[in-house]
Amino acid sequence: MLKALGLIMIVVSGAGIGYSLSMDLTRKEKHLEMLLRMTILLKGEIRYGNASLYDSFTGAAAKMQGEYREFLLGVAEEMGKHKGESFGDIFRKCAGNHFQKEGLTEEERDRFYSLGEHLGYLDLDMQMKQLELFEEDIEYSIKKLQKDLPARKKAYRSLGLLLGILLAVVVW
């Protein structure tokens, strides 16, 4: 009886791991969509509000929620302290604090960090071009992920269940 219960728990655990990996993909998609939204809000604040970076980040933060709001406010707060750090360093530090567990690839994370490095010292036109470039990159990443998402989610769930069954057979 206990052996059968243990085998069932192994199979359920394998299925749970597969489901967890599947949910990570969904979480990554939502994170990319929120980064896109944040970029669009920053573009609007800079272009149409003709605001400084500090004002742009606080203005965009008012329209965001959760960790994205906290990130924008954190960047604005660090800029307001005038410690002599470059904007790129401030952006990277705040992004590292707020977005460590979002499942971004190293390439996507580097592109996000480079946005901060290029925003801080350029004129208005160059800042807008950097934001537009980042927006295009994020849109491409979202489309690519959405194209593969159903198949990858199904594969993760199936492989998790199969792994659980395989382990149960090995233990048997």
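For Gly88, indicate whether it is touching a Phe, Trp or Tyr at 6+ places or on another chain (Cβ under 9 Å) and not charged (D, E, K, R).
Numbers: touching a Phe, Trp or Tyr at 6+ places or on another chain (Cβ under 9 Å): yes; not charged (D, E, K, R): yes.
So Gly88 passes the test.
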Selection from region 54-100 of residues that are aromatic (Phe, Trp, Tyr) and either open to solvent by 80 Å² or more (accessible area, probe 1.4 Å) or more than 14 Å from the chain's Cα centre (by Cα) (or both) = Tyr54, Phe57, Phe87, Phe91
Filter region 22-41 for residues that are touching a residue at least 60 places away in the same chain (Cβ under 8 Å) and open to solvent by 60 Å² or more (accessible area, probe 1.4 Å); the one that is farthest from the chain's Cα centre (by Cα) is Ile40
Enumeration of residues in region 1-21 that are of a type in the set (A, V, I, L, M) and open to solvent by 30 Å² or more (accessible area, probe 1.4 Å) = Met1, Leu2, Ala4, Leu5, Ile8, Met9, Ile10, Val11, Val12, Ala15, Ile17, Leu21
In this structure, is Ile46 open to solvent by less than 80 Å² (accessible area, probe 1.4 Å), more than 27 Å from Gln146 (Cα to Cα) and in contact (Cβ under 8 Å) with a residue 40 or more places away in the chain?
-> yes
Residue that is farthest from Gly6 (Cα to Cα), among those in region 153-172 that are open to solvent by 90 Å² or more (accessible area, probe 1.4 Å) and either touching a Phe, Trp or Tyr at 6+ places or on another chain (Cβ under 9 Å) or assigned to a helix (DSSP H, G or I) (or both) | Lys154
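The values are calculated or read from the model by the stated rules, or taken from the named source; none is laboratory data. Small disclaimer: the values here were computed from a predicted structure and weren't measured. Cβ: placed from backbone, ideal geometry, glycine included. Neighbour counts: every protein chain shown. In case anyone asks, the SASA skips ligands and DNA or RNA and just uses the protein heavy atoms, side chains included. Shrake-Rupley method; radii C 1.70, N 1.55, O 1.52, S 1.80 Å.
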